[in-house]
Amino acid sequence: MKLALPALIVLLLALPLGVHNQYFLHVMIVIGINVVMAVSMWLLGITGLISFGQAGFMFIGAMTTALLTKDLGWPFWVALPLSATAAGLISAPVGRLSLRVKGVYFFLVTLAFGQVVAGVFAYFENPFGGWYGIRDIPPPQPAALFRTLDKTAFYYLALALVLVTCWIIYRISRSWFGTVLWSIREGDLLASSIGIDVPSSKLVAFIVSAFFAGAAGSLYASYYGYISPLVFTFEYSVNVLVFIVVGGFASMAGPISGAVVLTLVPELFRVTGKYQMMAFGLILVGSMLLMPQGIIGAWQKLVPPRGGR
Amino acid sequence: MLIALGVTLLFGIMRVVNFVHGELVMLSAFVIWYIGVDQGWPMWVAIPVAIAMAAGIGVLSQKYLFKPLQYEMLNCFIVGIGASFAIRSASWAIFGPEPQAIPAMLPGVVKLGGVFMAKQRLLAAGVCVVLAIVLYLFLHFTKPGKAMRAVEQDREAALLMGINPESVYVTAFMISAALAAVGGAMLGSVFGVDPEMGAEPLLKSFIIVQIGGMGSIAGTVLAGLFIGVADSVTGTLLGGELAFIIDFAILMLILIVRPKGLFGYDV
Amino acid sequence: MTIARRGFVALGTAAAAIGMGSRPGLAADKTIILGCSIPLSGPAAPTGITTQRTVEHAVELINAQGIMVGGDRYTIVPQFYDNKYIPAEAVTVVEKMLADGVKYLFSTGSGNSVPVVGKTTEAKVLQLSGASGKDHLTGPKFPYSFRVQPTNETAYAVYPWVKTAFPNVKRVAHMNPSDEAGFTESEDRRMISEKNGFTNVGNEYFKRGSTDMYPVATRLVGFNPDLIDFGGTIGRDQGLACKALRELGYKGHILLGYSDAKSFVDIAGPDAAEGALLFDTLAEPQTPEQHEIYDWWIKKYGAPFPSYVFLMWDWPFILADGIRKAQSVDPVVVAEALRTTVHHGIFGEERFGMKSVYGIDCSLTRQIPMSIVKNGKPAWLATIDWPAGV
């Protein structure tokens, strides 16, 4: 079990050496973006709050990258951290306001925020491209490596982003601060009664979560080269939530496995054309009924974890 | 022009976040279209059949989907999304690409205080108000209705008082499904029938329920009106594009200022 | 951990299964795979489903004859993938096709076609799109990209016709959905109507799928136009907007396209729909060829007949003609041949044109059928020849 994680990472690093199917690499990159999104939403999720604004923060990150690299000609490597930071900065006041409400109402406020972001980017054609979106966003440097028809470099970029994100969020969730977040899930009052600053803790989680969503957006923009309000929709936020719930909340392996499985499964059914969505829907229903605690819950039942958490 | 949303009020009375609800609306509309238009039976046959079917599906979904999940909110949410994907996709395959229409029961337009309104929309609004009143009376003055409110407020306490929450849930699902069928009849006659028709009203009604305050019927009715008016006013004054942003900004503000909803109360 | 690995294996198995699926039916024939990225679920599904049914039949007819290149007989194998009308999905669909070695690609909707045209150009794959998208989709930068359905371009033919058919129309207002297609339509239509001597008095956008069309209708009526051009408005929105306009007392003309004529009338109601002009819509078959297609649909799928079938009918035949003319299945050679291919289809002589606008001949030009709602029923009104010099 101890060797499993390093072995998996080595396998993922070696993958492009053996696999040259560009579609496969593309799917892996999409999985990467989805994993980053799922893990970032999960961090806030462990406090019991679900943000439907994740796609909005992703859009902010993507837009920042698009404007910096295309209009100003800055290198992607500068734009990536700046995009994540931009999403993080905007999330601070948004979080300050929206975290005043709880439960379903928080759903709605963040949902509305996502719509406002998309609406603003769509309304101002200059500089945000309006509904046309922004095309021809340059790839990272060196451009000779990041090519449309050979995705190896993009694959490693996505993999790096996934590993960094997962590592940081894993550290956070296992730190003292992480314990604070878990305790908030048990109840605001209870947590504050043992001296936890509940609003600030939630806000920090919200900002971190937005930061990584922005990073995922930045990768999206440079990889796809095209962004538009049609991409970062409320539906996408819902998808990310589906990844987490189907994967399971109990540990970070939940959102990761959810994102991996639920990105792969629709691809397997893609050949069925018009029946793809039908199959996907039935799988969602089935998986919830059979594994109400998610993939991770079912896994832990099959293989009880040895030692403590 | 402000009654466009009258129809969506119907959904506002739902309590469980049930994504299949939109598909019930759609399926009922198709049943009504099939019996009442395609087969040429009168509407007073078609609509009750649709209501009975929807109520049946409501009970089945409660028994086989939501009860096993113990009404855990997120799980129900996902099951609902999954089921609605499957139903919608199957509907496209079955019903084909052509949207259908249920003819208006009351064709024509009336002029009310300088504003033109289709009679069918007024009818829809009237049906909404009547149903809302009936539902209010049911919840407040009948035994099963009171039991329902009791379970909503405190499941354990209700259990102690000898109320069986399960049977209450069955009734709730049945009634809400039947309301969905009536909604399908109204929506279908105003907007036409196609497999996607349930999706948008559902999201909108979800928002209305939140703004109105969970479980408050009067709040839901008023919030529905409020959203309808706000939508129309911003749309007319600012044009559709800007209205889209403003509407959601207003929604954010309302929720931040009044987290329990405009007419909500502390439970 | 095992989950991820199992995923890899499963994906591999699926890839193998696809490989088997595309095995040719007749051993003697060589095959050309035609990948179609179309919406088969979601609000845009009606166009996708109709497209799939139409293309399946057209390809059947083409294959019965076969495409002779040199001594080899080729047949077309269409594959249909659901892009759900989401750009990211469309990109994944195209990545899959490219990895499967697809050389001919068809895509509907500009939101799904524009994001992939860079890839198909670099991979030297022929992309045929039923979409607007102007120079973002076709032009000198994308030599293998063609548009097989006139969209915003129909205005080049329709406005001159309106001028002669309805000389009283002077003031034109435009209504479009607030998205990419709507913006493209609005820009072009305003430009073209002005060029033809009309005055644009208003330009409104609305959110696609709005249930309440009264706000936009109120604003439009306020401009006091003689004609309201619905531009890129499609589906249910058309019927609801038309109904709202008439209920508000609007008496002028309404011009719309991309519609299914029958459901438009159903939703608007026969009274409100009366007199509406439908561009690029053939409500009733006129020629024997058109009748044949109509009869096939009614026999196979039953009434009603979606008029969109006619718009999706010709392009597979044009592609087949292009391959015959090129005497090659190399998409680059076929693209060059297509540029000068003249096809005799259900709308007369059809060829790629519009060099004057886009820099190269890349957008299909042909007759534009016009229909009108008359006595509560859509009926054929006129057939406009493509204007010379565009």
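Give, in nm to one decimal, the length gained when the segment between C:A379 and C:D29 is fully stretched (0.36 nm per residue of separation minus the Cα-Cα distance).
On the way: separation 350, 0.36 × 350 = 126.00 nm, distance 4.29 nm.
Taking C:A379 through C:D29 to full extension adds about 121.7 nm, to one decimal.
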For region A:22-245, the dipole about the Cα centre with charges only on Cβ (Lys and Arg +1, Asp and Glu -1), to the nearest 20 debye, works out at 260
In whole angstrom, how far apart do the alpha carbon centroids of region C:337-390 and region C:137-196 sit? 13
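Taking region C:203-314, how many lysine pairs are there with alpha carbons less than 24 Å apart, if each pair must be eight or more places apart or span two chains? Can you show the working numbers first?
Values: C:K207/C:K243; C:K207/C:K262; C:K243/C:K251; C:K243/C:K262; C:K251/C:K262; C:K262/C:K299; C:K262/C:K300.
Lysine pairs meeting the criterion: 7.
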For C:H174, other-chain or 5+-apart residues with amide H closer than 5 Å (H placed, Pro excluded) are C:G202, C:N203, C:E204, C:D229
Using a cut-off of 13 Å between alpha-carbon atoms, which aspartates and glutamates can reach C:K103, once sequence neighbours fewer than 8 places away in the same chain are excluded? C:E95, C:E122, C:D330
Could you check which residue among C:G302, C:G222, C:G139 shows the biggest mean-square fluctuation in a GNM of chain C with a 10 Å Cα cutoff? C:G302
Would you mind computing, in nm to one decimal, how far apart the modelled labels at C:A388 and B:L237 are, each placed 7 Å from Cα along Cα→Cβ? 5.5
Quote the FRET efficiency, to the nearest 0.05, computed for A:R100 versus B:Y136 with a Förster distance R0 of 25 Å and r equal to the Cβ-Cβ distance. 0.20
Under 29 Å between alpha carbons: how many lysine pairs meet that in chain A, if sequence neighbours fewer than 8 apart on the same chain are excluded? 4
Quick test of the membrane-span-like rule: which DSSP H helices of chain C reach at least 20 Å along their long axis (C-alpha atoms) with mean Kyte hydropathy at least 0.5? C:2-21
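Based solely on its DSSP helices, what 222 nm [θ] is calculated for chain C when runs of n ≥ 4 H residues each add -39,500 (n - 2.57) and the sum is averaged over all residues, nearest 500 deg cm²/dmol? Walk me through the numbers on the way to the answer.
Numbers: 16 runs with 178 residues, N = 390.
Estimated from H runs of four or more residues: -14000 deg cm²/dmol.
Other chains' Cβ within 10 Å of A:239-250 residues: what's the mean? Numbers along the way, then the final one.
Values: counts 1, 0, 4, 5, 0, 2, 7, 3, 1, 0, 1, 0.
Across A:239-250, the average partner-chain Cβ count within 10 Å equals 2.
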Just to be sure I understand: with springs between alpha-carbon atoms less than 10 Å apart, which residue in A:Y123, A:Y223, A:Y155 has the highest mean-square fluctuation in the Gaussian network model of chain A? A:Y123
In peptide C:179-188, how many Cβ atoms from other protein chains are near each Cβ within 10 Å, on average? 3
Most fluctuating residue given options A:M252, A:M288, A:M28, as computed from a GNM of chain A linking Cα atoms under 10 Å: A:M288
Residues meeting the amide H criterion for C:I384 (H placed from the backbone, H to H distance under 5 Å, 5 or more places apart or on another chain) are C:I368, C:M370
Rank-order B:179-191, B:126-138, C:122-134 by packing density, defined as the average count of other C-beta atoms within 10 Å over each peptide's residues, highest first. B:179-191, C:122-134, B:126-138
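Hey, got the average number of other protein chain Cβ atoms within 10 angstrom for residues in A:135-143?
Taking the mean over all residues of the peptide, I get 1.
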Skipping prolines and chain starts, which residues have an amide H placed within reach, meaning under 5 Å, of the one on C:K207, given they are 5 or more residues away or on another chain? C:S178
Assign one of three labels to region C:239-332, namely rounded, prolate or oblate, based on the Cα gyration tensor with a ≥ b ≥ c the square roots of its eigenvalues; rounded applies when a/c is under 1.5, prolate when it is not and a/b is larger than b/c, and oblate otherwise. prolate
Using the Karplus curve 6.51 cos²θ - 1.76 cosθ + 1.60 with θ = phi - 60°, what ³J(HN,Hα) values do you get for each residue of region C:31-42, in whole Hz, with x for Gly and Pro? 10, 10, 8, 10, x, 10, 9, 9, x, 10, 9, x
Ordered by residue, what ³J(HN,Hα) values in Hz, to whole numbers, does region A:21-27 give under the Karplus form 6.51 cos²θ - 1.76 cosθ + 1.60, where θ = phi - 60° and Gly and Pro are x? 5, 5, 5, 4, 4, 4, 4
Residues of type aspartates and glutamates that B:K146 reaches as a straight line, Cα spacing below 14 Å, ignoring anything fewer than 8 places off in the same chain: B:D154
Taking Cα pairs closer than 8 Å and at least 6 residues apart, the relative contact order of chain A in percent is 30
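Relative contact order (percent) for region A:133-226, with alpha-carbon contacts under 8 angstrom and 6 or more residues of separation?
Details: 43 pairs, mean separation 42.3, N = 94.
Value for region A:133-226: 45 percent.
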Find which of C:G345, C:P316, C:A388 sits farthest along the positive direction of the dipole of chain C, computed with +1 on the beta-carbon of Lys and Arg, -1 on that of Asp and Glu, about the Cα centre. C:P316
Phi angles of region C:228-234, converted by Karplus (6.51 cos²θ - 1.76 cosθ + 1.60, θ = phi - 60°) into ³J(HN,Hα) in whole Hz with x for Gly and Pro, give 10, 9, 7, x, x, 5, 10
Modelling each spin label as a point 7 Å along the Cα-to-Cβ direction, I'd like the B:K143/A:L302 distance in nm, to one decimal. 5.0
Quick note, the protein assembly as shown: a/c under 1.5 would make it rounded; otherwise a/b > b/c is prolate and the rest oblate (a ≥ b ≥ c, C-alpha gyration tensor); here it is oblate
Express as a percent, rounded to the nearest 5, the fraction of DSSP beta bridges in the protein assembly as shown (both residues included) that run antiparallel. 40
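Please work out how much length the chain gains when fully extended from C:E292 to C:H344, using 0.36 nm per residue of separation minus the C-alpha to C-alpha distance, in nm with one decimal.
Details: separation 52, 0.36 × 52 = 18.72 nm, distance 1.56 nm.
Gain on stretching C:E292 to C:H344: 17.2 nm.
Here, each number is a calculation from the coordinates, and none is a lab measurement. Just so it is clear, the structure is predicted and the values come from calculations on it, not from any experiment. Glycine also receives a Cβ, built like all others from the backbone with ideal geometry; neighbour counts cover every protein chain displayed.
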